[in-house]
(Lines give C-alpha, C1' and ligand atoms only; values in the text may rest on other atoms or scores of the structure.)
Protein backbone atom coordinates (compact mmCIF):
# COMPACT_ATOMS: atom_id res chain seq x y z
CA UNK A 1 0.00 0.00 0.00
CA UNK A 2 1.18 3.53 -0.74
CA UNK A 3 -0.31 6.81 0.45
CA UNK A 4 0.68 10.35 -0.40
CA UNK A 5 0.19 13.73 1.21
CA UNK A 6 1.97 16.38 3.21
CA UNK A 7 3.62 14.77 6.22
CA UNK A 8 3.50 16.65 9.50
CA UNK A 9 6.85 15.66 11.02
CA UNK A 10 6.22 16.53 14.65
CA UNK A 11 9.62 15.65 16.02
CA UNK A 12 11.54 17.60 13.36
CA UNK A 13 8.90 20.35 13.32
CA UNK A 14 8.46 20.46 9.57
CA UNK A 15 5.89 19.66 6.86
CA UNK A 16 6.83 18.17 3.49
CA UNK A 17 5.19 16.27 0.58
CA UNK A 18 5.98 12.54 0.61
CA UNK A 19 5.03 9.05 -0.44
CA UNK A 20 4.60 6.45 2.34
CA UNK A 21 5.00 2.78 1.49
CA UNK A 22 3.46 0.19 3.83
CA UNK A 23 4.18 -3.54 3.87
CA UNK A 24 3.26 -6.17 6.48
CA UNK A 25 1.63 -3.60 8.79
CA UNK A 26 4.74 -1.37 8.93
CA UNK A 27 6.05 1.72 7.20
CA UNK A 28 8.95 0.52 5.07
CA UNK A 29 9.70 3.80 3.31
CA UNK A 30 8.95 7.52 3.58
CA UNK A 31 10.14 9.29 0.45
CA UNK A 32 10.09 13.06 0.04
CA UNK A 33 8.81 14.02 -3.38
CA UNK A 34 8.52 17.00 -5.67
CA UNK A 35 5.65 15.32 -7.51
CA UNK A 36 2.01 16.27 -6.80
CA UNK A 37 0.58 14.50 -3.74
CA UNK A 38 -2.92 13.94 -2.38
CA UNK A 39 -4.58 17.03 -0.94
CA UNK A 40 -4.24 15.91 2.67
CA UNK A 41 -1.91 16.02 5.63
CA UNK A 42 -0.56 12.83 7.24
CA UNK A 43 0.39 12.61 10.93
CA UNK A 44 0.58 10.06 13.75
CA UNK A 45 -2.71 8.99 15.33
CA UNK A 46 -3.96 10.35 18.64
CA UNK A 47 -3.57 8.57 21.99
CA UNK A 48 -5.90 9.02 24.97
CA UNK A 49 -3.36 8.92 27.79
CA UNK A 50 -5.81 7.92 30.52
CA UNK A 51 -9.31 6.56 30.11
CA UNK A 52 -11.66 4.12 31.79
CA UNK A 53 -13.22 2.37 28.81
CA UNK A 54 -16.04 1.17 31.07
CA UNK A 55 -17.26 4.75 31.56
CA UNK A 56 -18.23 4.88 27.90
CA UNK A 57 -20.61 2.04 28.80
CA UNK A 58 -19.18 0.23 25.78
CA UNK A 59 -16.98 -2.86 25.63
CA UNK A 60 -13.49 -2.13 24.22
CA UNK A 61 -14.31 -3.23 20.67
CA UNK A 62 -17.29 -0.86 20.52
CA UNK A 63 -15.29 1.98 22.09
CA UNK A 64 -12.73 1.48 19.32
CA UNK A 65 -15.41 1.67 16.60
CA UNK A 66 -16.38 5.16 17.76
CA UNK A 67 -12.91 6.42 18.67
CA UNK A 68 -11.17 5.69 15.34
CA UNK A 69 -13.52 8.05 13.52
CA UNK A 70 -11.90 10.88 15.50
CA UNK A 71 -8.32 9.83 14.72
CA UNK A 72 -7.64 7.95 17.95
CA UNK A 73 -5.51 4.84 17.38
CA UNK A 74 -4.66 3.91 20.96
CA UNK A 75 -5.61 4.35 24.60
CA UNK A 76 -3.91 3.99 27.95
CA UNK A 77 -6.81 2.27 29.69
CA UNK A 78 -7.29 1.74 33.41
CA UNK A 79 -9.74 -1.18 33.94
CA UNK A 80 -10.22 -0.59 37.64
CA UNK A 81 -13.98 -0.05 37.19
CA UNK A 82 -14.59 -3.64 36.16
CA UNK A 83 -11.77 -4.67 38.51
CA UNK A 84 -13.80 -3.38 41.46
CA UNK A 85 -16.76 -5.48 40.34
CA UNK A 86 -15.10 -8.72 39.21
CA UNK A 87 -11.39 -8.57 40.11
CA UNK A 88 -8.78 -10.11 37.81
CA UNK A 89 -11.38 -11.92 35.63
CA UNK A 90 -12.88 -8.52 34.85
CA UNK A 91 -9.51 -7.12 33.76
CA UNK A 92 -8.93 -10.21 31.64
CA UNK A 93 -12.34 -9.72 30.00
CA UNK A 94 -11.25 -6.22 28.91
CA UNK A 95 -7.94 -7.51 27.54
CA UNK A 96 -9.54 -10.39 25.65
CA UNK A 97 -12.27 -8.21 24.15
CA UNK A 98 -9.74 -5.52 23.23
CA UNK A 99 -7.63 -8.11 21.43
CA UNK A 100 -10.51 -8.68 19.01
CA UNK A 101 -9.93 -5.21 17.55
CA UNK A 102 -6.94 -3.79 15.65
CA UNK A 103 -7.22 -0.74 17.92
CA UNK A 104 -4.25 -0.49 20.29
CA UNK A 105 -5.54 -0.83 23.85
CA UNK A 106 -2.89 -0.61 26.55
CA UNK A 107 -4.25 -1.67 29.91
CA UNK A 108 -3.02 -0.99 33.43
CA UNK A 109 -2.96 -3.24 36.48
CA UNK A 110 -5.46 -1.69 38.92
CA UNK A 111 -3.58 -0.54 42.02
CA UNK A 112 -6.50 0.21 44.34
CA UNK A 113 -9.20 -2.47 44.34
CA UNK A 114 -11.08 -1.80 46.47
CA UNK A 115 -10.40 1.93 46.19
CA UNK A 116 -10.73 2.40 49.96
CA UNK A 117 -11.70 0.42 53.05
CA UNK A 118 -14.70 2.71 53.53
CA UNK A 119 -16.93 1.06 50.91
CA UNK A 120 -18.00 -2.38 49.72
CA UNK A 121 -16.53 -3.55 46.43
CA UNK A 122 -17.17 -6.78 44.57
CA UNK A 123 -13.56 -7.95 44.50
CA UNK A 124 -9.99 -7.50 45.73
CA UNK A 125 -6.89 -7.19 43.57
CA UNK A 126 -3.92 -7.85 45.85
CA UNK A 127 -0.17 -7.61 45.32
CA UNK A 128 -0.01 -11.13 43.88
CA UNK A 129 -2.72 -10.20 41.36
CA UNK A 130 -0.90 -6.97 40.47
CA UNK A 131 2.31 -8.91 39.79
CA UNK A 132 0.38 -11.42 37.65
CA UNK A 133 -1.27 -8.68 35.59
CA UNK A 134 1.88 -6.57 35.15
CA UNK A 135 3.61 -9.52 33.52
CA UNK A 136 1.01 -9.64 30.76
CA UNK A 137 2.19 -8.02 27.51
CA UNK A 138 -1.06 -6.05 27.20
CA UNK A 139 -0.56 -4.49 30.65
CA UNK A 140 1.82 -1.54 30.33
CA UNK A 141 1.70 0.20 33.71
CA UNK A 142 0.47 0.25 37.30
CA UNK A 143 -2.84 2.09 37.12
CA UNK A 144 -3.65 5.22 39.08
CA UNK A 145 -2.45 5.10 42.67
CA UNK A 146 -5.48 6.69 44.31
CA UNK A 147 -4.32 5.81 47.81
CA UNK A 148 -2.08 8.85 48.11
CA UNK A 149 -2.28 8.75 51.94
CA UNK A 150 -0.90 5.20 51.71
CA UNK A 151 2.00 6.46 49.60
CA UNK A 152 2.78 9.34 51.97
CA UNK A 153 2.62 7.04 55.00
CA UNK A 154 4.63 4.28 53.29
CA UNK A 155 1.88 1.69 53.59
CA UNK A 156 3.63 -1.68 53.00
CA UNK A 157 1.05 -3.04 50.54
CA UNK A 158 0.97 0.19 48.53
CA UNK A 159 4.75 0.39 48.39
CA UNK A 160 5.03 -3.27 47.37
CA UNK A 161 2.74 -2.68 44.37
CA UNK A 162 4.85 0.31 43.31
CA UNK A 163 8.03 -1.74 43.77
CA UNK A 164 6.69 -4.54 41.55
CA UNK A 165 5.99 -2.07 38.75
CA UNK A 166 9.44 -0.51 39.09
CA UNK A 167 11.11 -3.91 39.03
CA UNK A 168 9.31 -4.75 35.79
CA UNK A 169 10.21 -1.37 34.28
CA UNK A 170 6.61 -0.21 34.02
CA UNK A 171 5.48 3.33 34.98
CA UNK A 172 3.12 4.13 37.84
CA UNK A 173 0.14 6.42 37.25
CA UNK A 174 -0.94 8.90 39.88
CA UNK A 175 -4.17 10.27 41.29
CA UNK A 176 -3.68 13.06 43.81
CA UNK A 177 -6.29 15.81 43.47
CA UNK A 178 -5.27 18.98 45.28
CA UNK A 179 -2.01 17.56 46.63
CA UNK A 180 0.61 20.30 46.83
CA UNK A 181 3.90 21.30 48.43
CA UNK A 182 5.96 18.70 50.28
CA UNK A 183 3.16 16.15 50.12
CA UNK A 184 3.14 16.34 46.33
CA UNK A 185 6.93 16.11 46.24
CA UNK A 186 6.97 13.02 48.47
CA UNK A 187 4.20 11.38 46.45
CA UNK A 188 6.15 11.90 43.22
CA UNK A 189 9.45 10.83 44.78
CA UNK A 190 7.87 7.48 45.68
CA UNK A 191 7.79 6.72 41.95
CA UNK A 192 4.50 8.18 40.74
CA UNK A 193 5.01 9.49 37.20
CA UNK A 194 1.72 11.12 36.11
CA UNK A 195 -1.38 12.87 37.41
CA UNK A 196 -4.66 13.51 35.62
CA UNK A 197 -6.46 15.07 38.60
CA UNK A 198 -5.02 18.62 38.63
CA UNK A 199 -7.78 21.21 38.56
CA UNK A 200 -5.69 24.38 38.89
CA UNK A 201 -2.64 25.63 37.02
CA UNK A 202 -0.87 26.24 40.33
CA UNK A 203 -1.28 22.61 41.37
CA UNK A 204 -0.04 21.35 38.00
CA UNK A 205 3.02 23.64 38.04
CA UNK A 206 3.95 22.40 41.50
CA UNK A 207 3.87 18.80 40.31
CA UNK A 208 5.69 19.56 37.06
CA UNK A 209 8.49 21.11 39.11
CA UNK A 210 9.18 17.74 40.69
CA UNK A 211 9.28 15.85 37.38
CA UNK A 212 5.71 14.61 37.12
CA UNK A 213 3.91 14.41 33.77
CA UNK A 214 0.56 16.24 33.81
CA UNK A 215 -2.45 14.98 31.87
CA UNK A 216 -4.89 17.64 30.71
CA UNK A 217 -8.29 16.04 31.21
CA UNK A 218 -11.54 16.81 29.46
CA UNK A 219 -14.19 14.17 30.06
CA UNK A 220 -17.96 14.08 30.28
CA UNK A 221 -17.99 15.33 33.89
CA UNK A 222 -14.49 16.55 34.79
CA UNK A 223 -13.47 19.40 32.50
CA UNK A 224 -10.04 20.81 33.31
CA UNK A 225 -8.89 21.89 29.84
CA UNK A 226 -9.54 25.60 30.30
CA UNK A 227 -7.72 25.68 33.64
CA UNK A 228 -4.66 23.78 32.38
CA UNK A 229 -4.39 24.88 28.73
CA UNK A 230 -2.01 27.78 29.65
CA UNK A 231 0.61 25.10 30.46
CA UNK A 232 0.93 24.14 26.78
CA UNK A 233 3.15 27.06 25.73
CA UNK A 234 5.94 26.29 28.23
CA UNK A 235 5.51 22.64 29.19
CA UNK A 236 4.45 20.70 26.08
CA UNK A 237 7.22 18.12 26.57
CA UNK A 238 5.67 17.04 29.89
CA UNK A 239 1.94 17.05 29.06
CA UNK A 240 -0.57 14.58 27.62
CA UNK A 241 -4.28 14.76 26.77
CA UNK A 242 -6.85 12.42 28.29
CA UNK A 243 -10.59 12.00 28.71
CA UNK A 244 -10.58 9.83 31.87
CA UNK A 245 -14.34 9.19 31.72
CA UNK A 246 -16.38 9.71 28.55
CA UNK A 247 -20.00 8.79 27.99
CA UNK A 248 -21.07 7.29 24.64
CA UNK A 249 -22.84 10.41 23.32
CA UNK A 250 -19.74 12.48 23.98
CA UNK A 251 -17.47 9.86 22.38
CA UNK A 252 -19.67 9.82 19.28
CA UNK A 253 -19.13 13.59 18.96
CA UNK A 254 -15.37 13.76 19.46
CA UNK A 255 -12.32 12.60 21.36
CA UNK A 256 -8.70 13.79 21.59
CA UNK A 257 -9.19 15.58 18.25
CA UNK A 258 -11.46 18.04 20.06
CA UNK A 259 -8.66 18.99 22.46
CA UNK A 260 -6.26 19.42 19.56
CA UNK A 261 -8.68 21.82 17.83
CA UNK A 262 -9.29 23.79 21.02
CA UNK A 263 -5.57 24.02 21.76
CA UNK A 264 -4.82 25.34 18.28
CA UNK A 265 -7.69 27.82 18.51
CA UNK A 266 -5.95 29.32 21.55
CA UNK A 267 -2.91 30.08 19.41
CA UNK A 268 -0.67 27.26 20.58
CA UNK A 269 2.10 25.94 18.34
CA UNK A 270 0.98 23.10 16.05
CA UNK A 271 3.98 20.89 16.85
CA UNK A 272 3.64 21.43 20.60
CA UNK A 273 -0.02 20.42 20.52
CA UNK A 274 0.63 17.32 18.41
CA UNK A 275 3.54 16.31 20.62
CA UNK A 276 1.07 16.24 23.51
CA UNK A 277 -1.64 14.40 21.56
CA UNK A 278 0.50 11.88 19.67
CA UNK A 279 4.11 11.58 20.85
CA UNK A 280 4.31 11.94 24.64
CA UNK A 281 2.00 9.04 25.60
CA UNK A 282 3.80 6.63 23.25
CA UNK A 283 7.20 7.54 24.68
CA UNK A 284 6.14 7.62 28.34
CA UNK A 285 4.33 4.27 28.32
CA UNK A 286 6.58 2.66 25.68
CA UNK A 287 3.61 1.82 23.50
CA UNK A 288 3.81 -0.21 20.30
CA UNK A 289 2.19 2.65 18.42
CA UNK A 290 3.74 4.09 15.26
CA UNK A 291 5.02 7.66 15.16
CA UNK A 292 5.29 7.96 11.39
CA UNK A 293 8.87 6.77 11.04
CA UNK A 294 10.36 4.09 8.80
CA UNK A 295 10.11 0.74 10.56
CA UNK A 296 7.20 1.85 12.75
CA UNK A 297 3.77 0.22 12.78
CA UNK A 298 1.64 1.96 10.13
CA UNK A 299 -0.53 3.91 12.57
CA UNK A 300 -1.45 7.32 11.20
CA UNK A 301 -4.27 9.63 10.27
CA UNK A 302 -5.02 12.07 7.48
CA UNK A 303 -6.64 15.50 7.89
CA UNK A 304 -7.89 18.11 5.44
CA UNK A 305 -5.92 21.08 6.78
CA UNK A 306 -4.16 22.31 9.92
CA UNK A 307 -6.80 24.92 10.73
CA UNK A 308 -10.06 22.93 10.71
CA UNK A 309 -8.26 19.65 11.50
CA UNK A 310 -11.07 17.46 10.16
CA UNK A 311 -10.19 13.76 10.23
CA UNK A 312 -10.34 12.20 6.77
CA UNK A 313 -9.05 8.70 7.51
CA UNK A 314 -7.48 6.58 10.23
CA UNK A 315 -5.05 3.69 9.72
CA UNK A 316 -3.92 1.13 12.30
CA UNK A 317 -1.19 -1.32 11.28
CA UNK A 318 -1.79 -0.21 7.71
CA UNK A 319 -5.51 -1.09 7.86
CA UNK A 320 -8.03 1.61 6.98
CA UNK A 321 -10.27 1.62 10.06
CA UNK A 322 -12.22 4.85 9.49
CA UNK A 323 -12.90 7.12 6.54
CA UNK A 324 -14.91 10.34 6.18
CA UNK A 325 -16.61 9.96 9.55
CA UNK A 326 -17.54 6.30 9.11
CA UNK A 327 -16.01 3.51 11.17
CA UNK A 328 -14.92 0.42 9.26
CA UNK A 329 -14.50 -1.72 12.39
CA UNK A 330 -17.05 -4.47 12.92
CA UNK A 331 -19.01 -5.06 16.11
CA UNK A 332 -18.15 -8.22 18.04
CA UNK A 333 -20.30 -10.45 20.21
CA UNK A 334 -19.37 -11.09 23.84
CA UNK A 335 -20.78 -13.13 26.70
CA UNK A 336 -21.84 -10.88 29.59
CA UNK A 337 -20.17 -11.32 32.98
CA UNK A 338 -21.55 -9.76 36.12
CA UNK A 339 -21.64 -9.60 39.91
CA UNK A 340 -25.05 -8.33 41.01
CA UNK A 341 -26.71 -9.83 44.08
CA UNK A 342 -29.16 -7.25 45.47
CA UNK A 343 -32.90 -7.91 45.70
CA UNK A 344 -35.71 -5.38 45.09
CA UNK A 345 -35.94 -2.55 47.62
CA UNK A 346 -38.92 -1.01 49.42
CA UNK A 347 -39.70 2.70 49.91
CA UNK A 348 -39.70 2.27 53.68
CA UNK A 349 -35.94 1.66 53.52
CA UNK A 350 -35.28 5.26 52.46
CA UNK A 351 -36.92 7.17 55.29
CA UNK A 352 -34.53 9.46 57.20
CA UNK A 353 -35.44 10.27 60.80
CA UNK A 354 -34.60 13.81 61.92
CA UNK A 355 -31.99 13.59 64.71
CA UNK A 356 -30.03 16.86 64.41
CA UNK A 357 -30.73 20.53 63.72
CA UNK A 358 -28.33 20.60 60.75
CA UNK A 359 -27.20 17.95 58.29
CA UNK A 360 -24.05 17.66 56.14
CA UNK A 361 -24.98 18.09 52.47
CA UNK A 362 -23.05 17.15 49.31
CA UNK A 363 -22.86 20.23 47.08
CA UNK A 364 -22.33 19.30 43.42
CA UNK A 365 -20.00 21.48 41.31
CA UNK A 366 -20.89 21.11 37.64
CA UNK A 367 -17.91 20.10 35.48
CA UNK A 368 -15.86 19.01 38.51
CA UNK A 369 -15.41 15.78 40.45
CA UNK A 370 -14.74 17.63 43.68
CA UNK A 371 -17.69 18.61 45.85
CA UNK A 372 -18.28 21.12 48.65
CA UNK A 373 -19.78 20.44 52.06
CA UNK A 374 -22.69 22.54 53.31
CA UNK A 375 -24.26 22.11 56.74
CA UNK A 376 -27.92 22.98 56.35
CA UNK A 377 -31.15 22.89 58.31
CA UNK A 378 -33.12 19.95 56.89
CA UNK A 379 -36.59 20.21 55.42
CA UNK A 380 -38.91 17.92 57.35
CA UNK A 381 -42.29 16.26 57.08
CA UNK A 382 -43.35 15.10 60.49
CA UNK A 383 -40.36 13.39 62.05
CA UNK A 384 -38.52 12.73 58.78
CA UNK A 385 -36.00 14.70 56.70
CA UNK A 386 -37.21 14.96 53.09
CA UNK A 387 -36.19 16.40 49.73
CA UNK A 388 -37.01 20.04 49.02
CA UNK A 389 -37.03 21.05 45.35
CA UNK A 390 -37.44 24.73 46.25
CA UNK A 391 -34.05 24.57 47.97
CA UNK A 392 -32.57 22.23 45.31
CA UNK A 393 -32.03 19.75 48.14
CA UNK A 394 -32.59 16.10 47.23
CA UNK A 395 -32.23 12.72 48.84
CA UNK A 396 -29.32 10.59 47.61
CA UNK A 397 -28.72 6.94 48.42
CA UNK A 398 -26.14 4.23 47.78
CA UNK A 399 -27.36 0.62 47.91
CA UNK A 400 -24.87 -2.25 48.22
CA UNK A 401 -25.26 -4.42 45.11
CA UNK A 402 -23.02 -7.26 46.31
CA UNK A 403 -24.71 -8.09 49.64
CA UNK A 404 -28.04 -7.43 51.31
CA UNK A 405 -27.48 -4.36 53.52
CA UNK A 406 -29.18 -1.22 54.78
CA UNK A 407 -28.98 1.62 52.22
CA UNK A 408 -26.76 4.62 53.02
CA UNK A 409 -28.70 7.87 52.68
CA UNK A 410 -27.71 11.52 52.52
CA UNK A 411 -28.75 14.79 50.91
CA UNK A 412 -27.35 16.52 47.85
CA UNK A 413 -27.60 20.07 46.53
CA UNK A 414 -27.49 21.44 42.96
CA UNK A 415 -28.62 18.27 41.22
CA UNK A 416 -31.68 20.14 40.07
CA UNK A 417 -34.37 17.58 39.32
CA UNK A 418 -37.87 18.74 40.27
CA UNK A 419 -39.78 15.46 39.93
CA UNK A 420 -39.00 11.74 39.99
CA UNK A 421 -35.66 10.04 40.48
CA UNK A 422 -32.70 8.58 38.60
CA UNK A 423 -30.40 5.67 39.45
CA UNK A 424 -27.23 4.06 38.16
CA UNK A 425 -25.08 1.01 38.84
CA UNK A 426 -22.11 3.04 37.59
CA UNK A 427 -20.95 4.54 40.89
CA UNK A 428 -17.21 4.99 41.17
CA UNK A 429 -15.29 3.13 42.27
CA UNK A 430 -17.09 0.18 43.85
CA UNK A 431 -20.12 0.47 41.56
CA UNK A 432 -22.88 -0.05 44.01
CA UNK A 433 -26.27 1.42 43.05
CA UNK A 434 -26.55 5.19 43.46
CA UNK A 435 -29.82 7.10 43.15
CA UNK A 436 -31.06 10.65 43.66
CA UNK A 437 -34.67 11.72 43.77
CA UNK A 438 -37.50 13.88 44.97
CA UNK A 439 -39.51 11.20 46.81
CA UNK A 440 -38.93 7.72 48.23
CA UNK A 441 -41.37 6.00 45.86
CA UNK A 442 -39.59 7.33 42.78
CA UNK A 443 -36.19 6.43 44.21
CA UNK A 444 -37.44 2.90 44.91
CA UNK A 445 -38.86 2.52 41.41
CA UNK A 446 -35.64 3.75 39.76
CA UNK A 447 -33.51 1.35 41.80
CA UNK A 448 -35.77 -1.63 41.16
CA UNK A 449 -35.52 -1.09 37.41
CA UNK A 450 -31.77 -1.68 37.82
CA UNK A 451 -32.36 -4.72 40.00
CA UNK A 452 -34.49 -6.19 37.21
CA UNK A 453 -31.71 -5.61 34.66
CA UNK A 454 -28.86 -6.47 37.04
CA UNK A 455 -27.33 -3.08 36.33
CA UNK A 456 -27.85 -0.04 34.15
CA UNK A 457 -29.19 3.50 34.15
CA UNK A 458 -32.77 4.43 34.95
CA UNK A 459 -35.08 7.43 35.22
CA UNK A 460 -38.60 7.61 36.62
CA UNK A 461 -40.79 10.67 36.11
CA UNK A 462 -44.57 11.06 36.44
CA UNK A 463 -45.36 7.52 35.33
CA UNK A 464 -42.65 7.45 32.66
CA UNK A 465 -40.00 4.79 33.23
CA UNK A 466 -36.86 4.64 31.11
CA UNK A 467 -33.85 2.38 31.52
CA UNK A 468 -30.68 1.30 29.75
CA UNK A 469 -29.50 -2.22 30.70
CA UNK A 470 -25.76 -2.65 31.32
CA UNK A 471 -25.47 -6.45 31.53
CA UNK A 472 -21.66 -6.53 31.49
CA UNK A 473 -20.60 -5.96 35.11
CA UNK A 474 -23.44 -3.45 35.49
CA UNK A 475 -21.09 -1.07 33.64
CA UNK A 476 -21.22 -1.81 29.91
CA UNK A 477 -23.77 -2.55 27.22
CA UNK A 478 -23.62 -5.40 24.74
CA UNK A 479 -25.27 -3.41 21.92
CA UNK A 480 -23.93 -1.31 19.03
CA UNK A 481 -22.00 1.71 20.27
CA UNK A 482 -23.83 4.23 18.12
CA UNK A 483 -27.20 2.87 19.24
CA UNK A 484 -25.99 3.09 22.83
CA UNK A 485 -25.09 6.74 22.23
CA UNK A 486 -28.64 7.42 21.01
CA UNK A 487 -30.19 5.59 23.97
CA UNK A 488 -28.03 7.60 26.33
CA UNK A 489 -29.01 10.89 24.63
CA UNK A 490 -32.68 9.96 25.17
CA UNK A 491 -32.36 9.19 28.88
CA UNK A 492 -30.15 12.24 29.43
CA UNK A 493 -32.82 14.39 27.77
CA UNK A 494 -35.46 12.97 30.11
CA UNK A 495 -33.37 13.84 33.17
CA UNK A 496 -32.97 17.39 31.89
CA UNK A 497 -36.73 17.58 31.34
CA UNK A 498 -37.00 16.62 35.01
CA UNK A 499 -35.08 19.81 35.80
CA UNK A 500 -31.39 18.95 35.99
CA UNK A 501 -29.14 21.59 34.45
CA UNK A 502 -25.92 19.63 34.96
CA UNK A 503 -23.80 19.07 31.85
CA UNK A 504 -23.86 15.31 32.36
CA UNK A 505 -26.22 14.28 35.19
CA UNK A 506 -25.41 10.56 35.13
CA UNK A 507 -21.66 11.15 35.01
CA UNK A 508 -21.89 13.62 37.91
CA UNK A 509 -24.05 11.16 39.86
CA UNK A 510 -21.52 8.37 39.35
CA UNK A 511 -18.82 10.41 41.06
CA UNK A 512 -20.86 11.23 44.16
CA UNK A 513 -19.70 7.88 45.55
CA UNK A 514 -16.00 8.41 44.71
CA UNK A 515 -14.44 8.77 48.15
CA UNK A 516 -10.91 9.54 46.95
CA UNK A 517 -12.04 12.91 45.53
CA UNK A 518 -12.75 15.64 48.16
CA UNK A 519 -14.66 17.01 49.90
CA UNK A 520 -17.77 15.00 50.79
CA UNK A 521 -19.16 11.84 49.19
CA UNK A 522 -21.48 8.93 50.00
CA UNK A 523 -20.51 5.26 50.01
CA UNK A 524 -22.73 2.30 50.78
CA UNK A 525 -21.43 2.58 54.35
CA UNK A 526 -22.21 6.26 54.91
CA UNK A 527 -21.22 9.90 54.35
CA UNK A 528 -17.48 10.37 53.96
CA UNK A 529 -15.14 13.30 54.52
CA UNK A 530 -12.66 13.17 51.62
CA UNK A 531 -10.40 15.79 53.20
CA UNK A 532 -9.96 14.04 56.55
CA UNK A 533 -10.39 10.58 54.95
CA UNK A 534 -12.91 9.41 57.54
CA UNK A 535 -16.63 8.91 57.94
CA UNK A 536 -18.78 11.87 58.96
CA UNK A 537 -20.39 11.02 62.27
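The values are calculated or read from the model by the stated rules, or taken from the named source; none is laboratory data. On a predicted model such as this, the values are computed, not experimentally measured, just so you know. A quick note on method: Cβ atoms are made from the backbone with ideal geometry, for glycine too, and the neighbour counts reach across all protein chains shown.
Worth pointing out:
- Filter pass, residue 259 being in contact with a strand residue (DSSP E or B) (Cβ under 7 Å, 6 or more places away or on another chain) and either assigned to a strand (DSSP E or B) or farther than 23 Å from residue 225 by Cα (or both): no
- Just one of the listed residues (111, 117) is surrounded by 20 or more Cβ atoms within 10 Å (Cβ to Cβ) and in a loop (DSSP other than H, G, I, E, B), namely 111.
- The one condition in (1) touching a strand residue (DSSP E or B) at 6+ places or on another chain (Cβ under 6 Å); (2) buried (at least 16 other Cβ atoms within 10 Å of the Cβ) that residue 339 fails to fulfil: (1)
- Some residue of segment 31-48 being in a loop (DSSP other than H, G, I, E, B) and within 30 Å of residue 432 (Cβ to Cβ): no
- Criterion applied to 251, 208, 264, 231 was being crowded, with 23+ Cβ neighbours inside 10 Å and modelled with pLDDT of 95 or more, and the one residue passing it is 251.
- Scanning segment 478-490 for residues that are assigned to a loop (DSSP other than H, G, I, E, B) and in contact with a strand residue (DSSP E or B) (Cβ under 7 Å, 6 or more places away or on another chain) returns a single hit, 478.
- Boolean, residue 102 is touching a strand residue (DSSP E or B) at 6+ places or on another chain (Cβ under 7 Å), assigned to a loop (DSSP other than H, G, I, E, B) and modelled with pLDDT of 95 or more: yes
- Residue list for segment 283-312, restricted to those being without any contact (Cβ under 8 Å) to a residue 24 or more places away in the chain and not in a loop (DSSP other than H, G, I, E, B): 283
- Residue that is nearest to the chain's Cα centre (by Cα), among those in segment 313-327 that are assigned to a loop (DSSP other than H, G, I, E, B) and surrounded by fewer than 15 Cβ atoms within 10 Å (Cβ to Cβ): 325
- Cross-chain or 6+ apart pairs with Cβ under 7 Å, segment 182-193 first and in the same structural domain as residue 163 (by TED's automatic domain parsing) and touching a residue at least 24 places away in the same chain (Cβ under 8 Å), then surrounded by fewer than 17 Cβ atoms within 10 Å (Cβ to Cβ) and assigned to a loop (DSSP other than H, G, I, E, B): 184/210; 185/210; 188/210; 188/211
- Qualifying residues in segment 221-256 (those that are within 17 Å of the chain's Cα centre (by Cα) and in a helix (DSSP H, G or I)) - the one farthest from residue 508 (Cα to Cα): 256
- Some residue of segment 166-176 being without any contact (Cβ under 8 Å) to a residue 60 or more places away in the chain, in a helix (DSSP H, G or I), more than 16 Å from residue 115 (Cα to Cα) and outside the structural domain of residue 515 (by TED's automatic domain parsing): yes
- Unique match (being within 25 Å of the chain's Cα centre (by Cα), in the same structural domain as residue 522 (by TED's automatic domain parsing) and either at negative phi or outside any strand (DSSP E or B) (or both)) among 419, 444, 397: 397
- Conditions (1) at pLDDT 95 or above; (2) assigned to a loop (DSSP other than H, G, I, E, B); (3) surrounded by fewer than 18 Cβ atoms within 10 Å (Cβ to Cβ): number failed by residue 333: (1)
- Tallying residues that are surrounded by fewer than 16 Cβ atoms within 10 Å (Cβ to Cβ) and either assigned by TED's automatic domain parsing to the domain that holds residue 401 or touching a residue at least 24 places away in the same chain (Cβ under 8 Å) (or both) within segment 133-148 yields 2.
- Residues of segment 181-213 classified as in a loop (DSSP other than H, G, I, E, B) and either in contact with a helix residue (DSSP H, G or I) (Cβ under 6 Å, 6 or more places away or on another chain) or on the phi < 0 side of the Ramachandran plot (or both), total: 11
- Members of segment 59-99 that are outside any helix (DSSP H, G or I) and farther than 26 Å from residue 120 by Cβ: 71, 72, 73, 74, 75, 76, 99
- The single condition from (1) touching a strand residue (DSSP E or B) at 6+ places or on another chain (Cβ under 6 Å); (2) surrounded by fewer than 24 Cβ atoms within 10 Å (Cβ to Cβ) that residue 425 fails is (2).
- When residue 475 is tested against the conditions (1) surrounded by 24 or more Cβ atoms within 10 Å (Cβ to Cβ); (2) at positive phi; (3) out of contact with any strand residue (DSSP E or B) (no Cβ under 8 Å at 6 or more places or on another chain), the lone failure is (2).
- With respect to the conditions (1) surrounded by fewer than 24 Cβ atoms within 10 Å (Cβ to Cβ); (2) within 23 Å of residue 144 (Cα to Cα), residue 499 falls short on a single one, namely (2).
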